[in-house]
């Protein structure tokens, strides 16, 4: 398959989809707390995406049953929302996709649930900083491997590693 550069209009639609996604994730950040179920977070995310004019990107994709992926503690990615309640000290990754006018956006955040351990806080901070290391390499003419390398080198310097089977995908007109 030959890829073509996206038009300014396509990029703008992806930007708008991403803005909606960001709003919903920031709203979810405010309601993550001990006692909240991941199913409640999922329902909230779906309702808010629809309110903003977008559709959930994950729901129904390859049979996925939810709007949000909710990965708690040792779950790496793609945790399915349930009636499980969040506990004080958990960390949760919220992965959300939106579709606006046929264009997809996708993002994730990892959040503390109440007070967390120093080691959990360090993990969140190192991964956040690794994002910025990757972003610093995202410029015209750069290779995708420059971004990946920057992230990997940074996290490994703290004794962490990347899960190479889950290192990313594109966004645009079709689900990846």
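Kindly indicate which of 100, 96, 49 is surrounded by 16 or more Cβ atoms within 10 Å (Cβ to Cβ), in contact (Cβ under 8 Å) with a residue 60 or more places away in the chain and over 30 Å from residue 122 (Cα atoms).
100
Out of (1) out of contact with any strand residue (DSSP E or B) (no Cβ under 6 Å at 6 or more places or on another chain); (2) farther than 14 Å from residue 105 by Cβ; (3) part of a helix (DSSP H, G or I), what's the single condition that is false for residue 42?
The one condition residue 42 does not meet is (1).
Answer yes or no: is there a residue in segment 89-101 that is farther than 18 Å from residue 43 by Cα and over 19 Å from the mean Cα position of the chain (by Cα).
The first filter runs over segment 89-101 and keeps only residues farther than 18 Å from residue 43 by Cα, leaving 89-91, 100-101.
Narrowing further to those that are over 19 Å from the mean Cα position of the chain (by Cα): 89, 101.
Yes: one or more hits.
Under 6 Å by Cβ, and 6 or more places apart or on different chains, what pairs join a residue from segment 107-130 that is touching a residue at least 40 places away in the same chain (Cβ under 8 Å) and at positive phi with one that is surrounded by fewer than 17 Cβ atoms within 10 Å (Cβ to Cβ) and in a loop (DSSP other than H, G, I, E, B)?
114/34; 114/88
So for segment 150-166 (the condition being surrounded by 12 or more Cβ atoms within 10 Å (Cβ to Cβ), under 15 Å from the mean Cα position of the chain (by Cα) and closer than 27 Å to residue 49 by Cα), does at least one residue qualify?
Scanning segment 150-166, I find no residue that is surrounded by 12 or more Cβ atoms within 10 Å (Cβ to Cβ), under 15 Å from the mean Cα position of the chain (by Cα) and closer than 27 Å to residue 49 by Cα, so the answer is no.
What number of residues within segment 11-35 satisfy the criterion of being in contact with a strand residue (DSSP E or B) (Cβ under 7 Å, 6 or more places away or on another chain), surrounded by fewer than 20 Cβ atoms within 10 Å (Cβ to Cβ) and assigned to a loop (DSSP other than H, G, I, E, B)?
Summing the residues that are in contact with a strand residue (DSSP E or B) (Cβ under 7 Å, 6 or more places away or on another chain), surrounded by fewer than 20 Cβ atoms within 10 Å (Cβ to Cβ) and assigned to a loop (DSSP other than H, G, I, E, B) in segment 11-35 gives 1.
Looking at (1) part of a strand (DSSP E or B); (2) surrounded by fewer than 13 Cβ atoms within 10 Å (Cβ to Cβ), which one does residue 62 not meet, given that it meets all the others?
Exception for residue 62: condition (1).
Just one of the numbered conditions (1) part of a helix (DSSP H, G or I); (2) surrounded by 11 or more Cβ atoms within 10 Å (Cβ to Cβ) is not true of residue 138; which one?
For residue 138, the failing item is (1).
Just one of 171, 147 is in a loop (DSSP other than H, G, I, E, B), touching a helix residue (DSSP H, G or I) at 6+ places or on another chain (Cβ under 7 Å), surrounded by 15 or more Cβ atoms within 10 Å (Cβ to Cβ) and modelled with pLDDT under 95; which is it?
On the way: 147 fails: in a loop (DSSP other than H, G, I, E, B).
None of the others qualify; the one that does is 171.
Residues in segment 65-93 that are surrounded by 20 or more Cβ atoms within 10 Å (Cβ to Cβ), in contact with a helix residue (DSSP H, G or I) (Cβ under 8 Å, 6 or more places away or on another chain) and part of a strand (DSSP E or B): how many?
4
The values are calculated or read from the model by the stated rules, or taken from the named source; none is laboratory data. Computed from a predicted structure; not experimentally measured. All Cβ positions, even for glycine, are placed from backbone atoms using ideal geometry, and neighbour counts span all protein chains on display.
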